[in-house]
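Take a look at the structure set out below.
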Amino acid sequence: MDAPLFRTQWSLDPEVTFLNHGSFGACPTAVLEEQSRLRARMEAEPVRFLHRELEALSDAARGALGTFLDADPDDLAFVNNATTGVNTVLKSLRFDPGDELLTTDHEYNASRNALDFVASRWGVKVVVAKLPWPVTSAQAVVDTVLAHVTGRTRLLLIDHITSQTALVLPVADLIRALRERGVETLVDGAHGPGQVPLSLRQLGAAYYTGNCHKWMCAPKGAAFLYVRRDLQPGIRPVVISHGYNSRREDRSRFRLDFDWLGTDDPTPYLCVPKALEVMGGMLPGGWPEVMASNRAKALEARAILCQRLGVAPHCTEDIVGAMATVGLPDGFPAVPSALGLDPLQDRLLFEYGIEVPITPWPRPPHRHVRVSAQLYNSRAEYQRLADALEALLR
């Protein structure tokens, strides 16, 4: 199946060249149909669905997710998004004056805000490791982060795949090295699941939160938080609900706390099994081939843009996933719109029908175009973007 045929599996606007799968994802129509079916079932008898059926449905969804992530389902909790997962962990932990919380200068803004908020509450210091740029190797990232670890470091917060710069960071090596130093790691894996192979058992992170609505293509509002079994007693959801004083003994305290946070629409995460089935069935090799295909397209897109714009790649191929960023020449006006979007991003959409993010990095006026690669994208779309950028940046 080629890109135009893949596109029929999504309800994307045919008038838009959609190269921004990374921001919010896009959900296949077959998964949206499953969500509609589940919503109809819920509304036909809400009490039966939410009180009598939801627990078993949630267990099944976590089971499918656990298989995909190579994790025990009982170590997973569904949350609305990865930002909620980061906040859940940070707001559960306790720190002492003089402690240090480590992160990098590529950390996602919302997660960095949560880290700063918690640091101010406890009176602790946020230490920022400035990663090399351009990035010459994964080892250079490891060396830079470890150089900022001290005897006061208590936690590393790090993106698995950076949002602004689309770097697949060597989180496994960092987790292992930090644990040897007595430091745990919270991985902000918003872009990880479905973009790169992931085994939470092997990774060994203390905490990992990821979105299912991005590269797994589940509906918006489906995400998860993984907490290593020995650390679960110290983690509470951001909303305390009925599970807090439950006397049930057939489920762990972690399950009781997280499985019911109040009335909400559970259908996004209940669709995770369907999303895994649909996306995994699009290519003969299943999910491994889907991820490999998307990565190959991202590298092709990067090559096209670098050649046409006359710039060099800012990182080696081994730390590229299904997204790639390319540096843009300076000089184009970079005052964001009222919605915080770069004017170049708006012009690409409104004048050329291309949806792609333009990201300031490391600071204005320097910026990058970040291209996402999904099965429905084609080489012609990347060439169309290159043509538009050449015209706008002359």
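Residues in region 100-155 that are aliphatic (A, V, I, L, M), open to solvent by 10 Å² or more (accessible area, probe 1.4 Å) and in contact with a strand residue (DSSP E or B) (Cβ under 7 Å, 6 or more places away or on another chain): V124, V126, V127, V128, V149.
Taking every residue in region 60-78 that is more than 14 Å from T209 (Cα to Cα) and pairing it with any residue that is open to solvent by 30 Å² or more (accessible area, probe 1.4 Å) and not in a helix (DSSP H, G or I), at least 6 positions away or on another chain, the pairs with Cβ-Cβ distances below 7 Å are D74/S252. Within region 218-230, the residues that satisfy the criterion of being more than 18 Å from A26 (Cα to Cα) and open to solvent by 40 Å² or more (accessible area, probe 1.4 Å) are R229, D230.
Pairing residues of region 292-314 that are free of Cβ contacts under 8 Å to residues at least 40 places away in the same chain and of a type in the set (G, A, S) with residues that are buried (at least 17 other Cβ atoms within 10 Å of the Cβ) and part of a helix (DSSP H, G or I), at Cβ distances under 8 Å and at least 6 apart in sequence or on separate chains, gives no pairs at all.
Test of understanding: among R48, R94, which residue is surrounded by fewer than 18 Cβ atoms within 10 Å (Cβ to Cβ) and in a loop (DSSP other than H, G, I, E, B)? Even if it seems obvious, please write down each step before you answer.
Numbers: R48 fails: in a loop (DSSP other than H, G, I, E, B).
Step by step, each of R48, R94 is checked, and only R94 is surrounded by fewer than 18 Cβ atoms within 10 Å (Cβ to Cβ) and in a loop (DSSP other than H, G, I, E, B).
Can you find a residue in region 249-265 that is buried (at least 18 other Cβ atoms within 10 Å of the Cβ) and within 25 Å of P28 (Cα to Cα)? No, there is no match, as no residue in region 249-265 is buried (at least 18 other Cβ atoms within 10 Å of the Cβ) and within 25 Å of P28 (Cα to Cα). For region 4-20, residues that are surrounded by 15 or more Cβ atoms within 10 Å (Cβ to Cβ) and either within 14 Å of M279 (Cα to Cα) or of a type in the set (V, I, T) (or both) total 5.
Evaluation of A172 against the conditions (1) open to solvent by less than 30 Å² (accessible area, probe 1.4 Å); (2) among the small types (G, A, S); (3) within 22 Å of E100 (Cα to Cα); (4) in contact with a helix residue (DSSP H, G or I) (Cβ under 6 Å, 6 or more places away or on another chain) shows that the sole unmet condition is (1).
Listed by first and then second residue, the pairs with beta-carbon distance under 8 Å, at least 6 apart or on different chains, first residue in region 101-126 and closer than 13 Å to R154 by Cα and charged (D, E, K, R), second open to solvent by 10 Å² or more (accessible area, probe 1.4 Å) and in a strand (DSSP E or B), are K125/E100. Among the residues of region 348-394, which ones are open to solvent by 60 Å² or more (accessible area, probe 1.4 Å), without any contact (Cβ under 8 Å) to a residue 60 or more places away in the chain and basic (K, R)? Hits for region 348-394 are R363, R394. Do the conditions hold for D346, that is, is it acidic (D, E) and at pLDDT below 95? Considered against the rule, which asks whether it is acidic (D, E) and at pLDDT below 95, D346 comes out as yes. Within region 269-291, the residues that satisfy the criterion of being touching a residue at least 60 places away in the same chain (Cβ under 8 Å), out of contact with any Phe, Trp or Tyr (no Cβ under 6 Å at 6 or more places or on another chain) and assigned to a helix (DSSP H, G or I) are L270, V272, P273, K274, A275, V278, M279, W287, P288, V290, M291.
Tally up the residues in region 225-268 that are part of a helix (DSSP H, G or I) and either of a type in the set (A, V, I, L, M) or touching a helix residue (DSSP H, G or I) at 6+ places or on another chain (Cβ under 8 Å) (or both), please.
Taking region 225-268 first, the residues part of a helix (DSSP H, G or I) are 229-234, 242-245, 253-258, 267-268.
From the residues that got through so far, the ones that are either of a type in the set (A, V, I, L, M) or touching a helix residue (DSSP H, G or I) at 6+ places or on another chain (Cβ under 8 Å) (or both) too are 229, 231-234, 243-244, 253-258, 267-268.
Number satisfying all stated conditions: 15.
Being aliphatic (A, V, I, L, M) and either surrounded by 21 or more Cβ atoms within 10 Å (Cβ to Cβ) or in a helix (DSSP H, G or I) (or both) is the requirement here; does A26 meet it?
Numbers: aliphatic (A, V, I, L, M): yes; either surrounded by 21 or more Cβ atoms within 10 Å (Cβ to Cβ) or in a helix (DSSP H, G or I) (or both): no.
Judged against the criteria, A26 is not a match.
Residue count for region 292-317, restricted to those that are open to solvent by less than 20 Å² (accessible area, probe 1.4 Å), closer than 15 Å to P197 by Cα and of a type in the set (A, V, I, L, M, F, W, C): 0.
Matching residues to (1) in contact with an Asp or Glu (Cβ under 7 Å, 6 or more places away or on another chain); (2) of a type in the set (S, T, N, Q); (3) at negative phi:
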site: L54; (1), (2), (3): no, no, yes
site: V79; (1), (2), (3): no, no, yes
site: K91; (1), (2), (3): no, no, yes
site: T104; (1), (2), (3): no, yes, yes
site: V127; (1), (2), (3): yes, no, yes
site: V145; (1), (2), (3): no, no, yes
site: G151; (1), (2), (3): no, no, yes
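Against the condition surrounded by fewer than 16 Cβ atoms within 10 Å (Cβ to Cβ) and either touching a Gly at 6+ places or on another chain (Cβ under 6 Å) or of a type in the set (V, I, T) (or both), how does V320 come out, does it pass? Spelling it out, it is not the case that V320 is surrounded by fewer than 16 Cβ atoms within 10 Å (Cβ to Cβ) and either touching a Gly at 6+ places or on another chain (Cβ under 6 Å) or of a type in the set (V, I, T) (or both).
Given the condition under 17 Å from R201 (Cβ atoms), assigned to a strand (DSSP E or B) and at pLDDT 95 or above, answer yes or no: does some residue in region 67-76 qualify? Yes, that holds for at least one residue.
The values are calculated or read from the model by the stated rules, or taken from the named source; none is laboratory data. Being a predicted model, the structure only gives us computed values, none of them experimental. Neighbour counts are summed over all protein chains in view; Cβ atoms, including those assigned to glycine, are modelled from backbone coordinates with ideal geometry. Note: areas computed on protein heavy atoms with side chains; ligands, DNA, RNA excluded. Shrake-Rupley method; radii C 1.70, N 1.55, O 1.52, S 1.80 Å.
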